[in-house]
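The values are calculated or read from the model by the stated rules, or taken from the named source; none is laboratory data. The shown structure was predicted, so the numbers you read here are calculated from the model rather than taken from an experiment. With ideal geometry, Cβ positions are generated from the backbone for all residues, glycine too; neighbour counts draw on all protein chains shown. For accessibility, only protein heavy atoms count, side chains too; no ligands or nucleic acids. Shrake-Rupley method; radii C 1.70, N 1.55, O 1.52, S 1.80 Å.
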Amino acid sequence: MLTGMTSEPEQQIGVGTPDAFQRLWTPHRMAYIQGESKPSGPGAGDGCPFCEIPSKSDEDGLVIARGEKVYAVLNLYPYNGGHLMVVPYRHVADYTELDGPETAELADFTKRAMVALRAASGAHGFNIGMNQGAEAGAGIAAHLHQHVVPRWGGDTNFMPVVGHTKVLPQLLGDTRTMLAGVWPAGPLSV
């Protein structure tokens, strides 16, 4: 048994129900829950963060790499360490709205993201995908973005399963620097 832990519920001071659980507070998640940085409407000028990020420095915008048609950026609310997104510069909501060059570069950047994440963190696998529409789970449905989430054997442990909390071992700025440093340049030979 852990030091200070008992099998009996402990008296909890303040609001709450005594339940013998220790808490890992993640107040930064409240910004996501409350919809901070979500667009106020469907247009590019309606506060879309994916339209605003390219005007920031790489460090301030957490941009890993910039292409002609798309860019790679860290997710502010990651599912796993290294969770990034590939985003077209053009404000489009649906995958079918991408033109040929945008589609090709989005696919190329997805491959580059996998190469970089394997080099930087030894990722064993990936969840790759996009949620099309708010009903499908898109947090920002008005601007298409593809998620690239690195996975490792054993990365699902008691924290996300029981505690519904993800523990991230590195600051986002440090992750951005690490991934930008290994982002593949030139043609991929994979």
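For the reader, a short list of remarks on this structure follows.
- The heavy atoms of K69 present about 80 square angstrom of accessible area, all protein chains included, probe 1.4 Å.
- Working note: Karplus 6.51/-1.76/1.60 with θ = phi - 60° gives segment 174-179 the couplings 5, 5, 4, 4, 4, 5 Hz, where Gly and Pro are set to x.
- Computed E for Y77/R118 - FRET, C-beta separation, R0 25 angstrom, nearest 0.05: 0.60
- Note on R151 and K56: the extension gain reaches 31.3 nm, defined as 0.36 nm multiplied by sequence separation minus the Cα-Cα distance.
- Of the whole protein surface, R118 contributes about 120 Å² of accessible area at a 1.4 Å probe radius.
- Shape call, segment 55-155: gyration tensor on alpha carbons, a/c limit 1.5: prolate
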